[in-house]
1. Scanning the range 32-44 for residues that are of a type in the set (D, E, K, R) and surrounded by 11 or more Cβ atoms within 10 Å (Cβ to Cβ), which turns out farthest from ALA76 (Cα to Cα)?
2. Just wondering, is there one or more residues in the range 181-191 that are charged (D, E, K, R) and modelled with pLDDT under 65?
3. Please find, among ARG43, ARG21, ARG38, ARG28, the residue that is at pLDDT 95 or above, over 30 Å from GLU166 (Cβ atoms) and not aromatic (Phe, Trp, Tyr).
4. Quick test of your reading of the structure: GLU4 fulfils all but one of (1) charged (D, E, K, R); (2) within 25 Å of the chain's Cα centre (by Cα); (3) not assigned by TED's automatic domain parsing to the domain that holds LEU116. Name the failing condition by number.
5. Is there any pair linking a residue in the range 154-182 that is surrounded by 14 or more Cβ atoms within 10 Å (Cβ to Cβ) to one that is in a loop (DSSP other than H, G, I, E, B), with Cβ under 6 Å and at least six apart or on different chains, and which?
6. Looking at the range 1-31, which of its residues are hydrophobic (A, V, I, L, M, F, W, C), over 12 Å from GLN77 (Cβ atoms) and surrounded by 11 or more Cβ atoms within 10 Å (Cβ to Cβ)?
7. What single numbered condition from (1) surrounded by 14 or more Cβ atoms within 10 Å (Cβ to Cβ); (2) modelled with pLDDT of 90 or more; (3) not basic (Lys, Arg) fails to hold for PHE111?
8. Can you pull out every residue in the range 126-153 that is surrounded by 15 or more Cβ atoms within 10 Å (Cβ to Cβ) and in a loop (DSSP other than H, G, I, E, B)?
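The values are calculated or read from the model by the stated rules, or taken from the named source; none is laboratory data. Predicted model, so just to flag it, every value in this text is computed and none were measured. Because the Cβ atoms are built from the backbone with ideal geometry, glycine has one as well, and the counts that use them run over all protein chains shown.
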Amino acid sequence: MSDENDTFEGLQRELDDLLGRLTRCMERQQREEQLSSREGVTREEAGQAVYCYAAHCDWKPVERDLASAASLVSFAQEIYRRRLARQVENHGDGKGPLLAALEALAGWPEFAPVPLTDAHMVELMMAAASLEERSSEYFGQNAGLELNPKRPLDRRRLARRMAAVEVFQRNRRDPKAHPIGMGLFERVGKRYGMSGSTVRDAYYSRETKSWQELERHLQETDETL
């Protein structure tokens, strides 16, 4: 309850206590739901859970309670660790961390509003600073990324992904009005200027599947609380 006699010092003591209790609660949740292969929750992750509970994300305006916000943070951190390990294994310690940061940035809608980690931001900042200072000719050169002008482009990939997400969200909100099928794929496709079959293929793609699994897990968590 708000009090006109509140001070930052007093609120800080209460917040420190709350973050400690939330950290222990998230550790218990991780064990029970097997959300993470790593033991322990950091103070920063507890703070992210509070942020995800309080934040409004225009990209994905979903109301979350504190438990589902904590579950989202734990799941996101586990995915971030797996991606980093894969990128380092495939590309080494130089390029791997930057590629993992770029992957996290591109995939942020999967976990919104969970912020990127400090490690992600450091990699992105170093690449941006190197470009700004003109010590790199292009973004990522400082970390060893190659410039490949012949790289094949897929200019509609984001639109396909957004269409697939819209299909999932419409069906989740009202499955009777929006059953999964060609009718829904075609209706959504018209909004994005693509065919129903294109939306269908995007909806059943591996990339969309991981996002759907996360959303279903969080929905199940909400229903069991």
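1. The initial filter retains those residues of the range 32-44 that are of a type in the set (D, E, K, R), namely 32-33, 38-39, 43-44.
With surrounded by 11 or more Cβ atoms within 10 Å (Cβ to Cβ) added as a condition, the list becomes 33, 38, 43-44.
On the way: GLU33: 14, ARG38: 13, ARG43: 16, GLU44: 13 Å.
Selected residue: ARG43.
2. Start the filter on the range 181-191 by keeping residues that are charged (D, E, K, R), which leaves 186-187, 190-191.
Okay, now just the ones that are also modelled with pLDDT under 65, so none.
Checked the range 181-191: no residue is charged (D, E, K, R) and modelled with pLDDT under 65.
3. ARG21
4. (2)
5. Once the first residue is surrounded by 14 or more Cβ atoms within 10 Å (Cβ to Cβ) and sits in the range 154-182, its partners that are in a loop (DSSP other than H, G, I, E, B) give ARG170/HIS178; ASN171/HIS178; ASN171/ILE180.
6. Applying the first criterion (hydrophobic (A, V, I, L, M, F, W, C)) to the range 1-31 yields 1, 8, 11, 15, 18-19, 22, 25-26.
Narrowing further to those that are over 12 Å from GLN77 (Cβ atoms): 1, 8, 11, 15, 18-19, 22, 25.
LEU11, LEU15, LEU18, LEU19, LEU22, CYS25, listed by residue number.
7. Among (1) surrounded by 14 or more Cβ atoms within 10 Å (Cβ to Cβ); (2) modelled with pLDDT of 90 or more; (3) not basic (Lys, Arg), the lone unmet condition for PHE111 is (2).
8. SER136, PHE139, GLY140, LEU145
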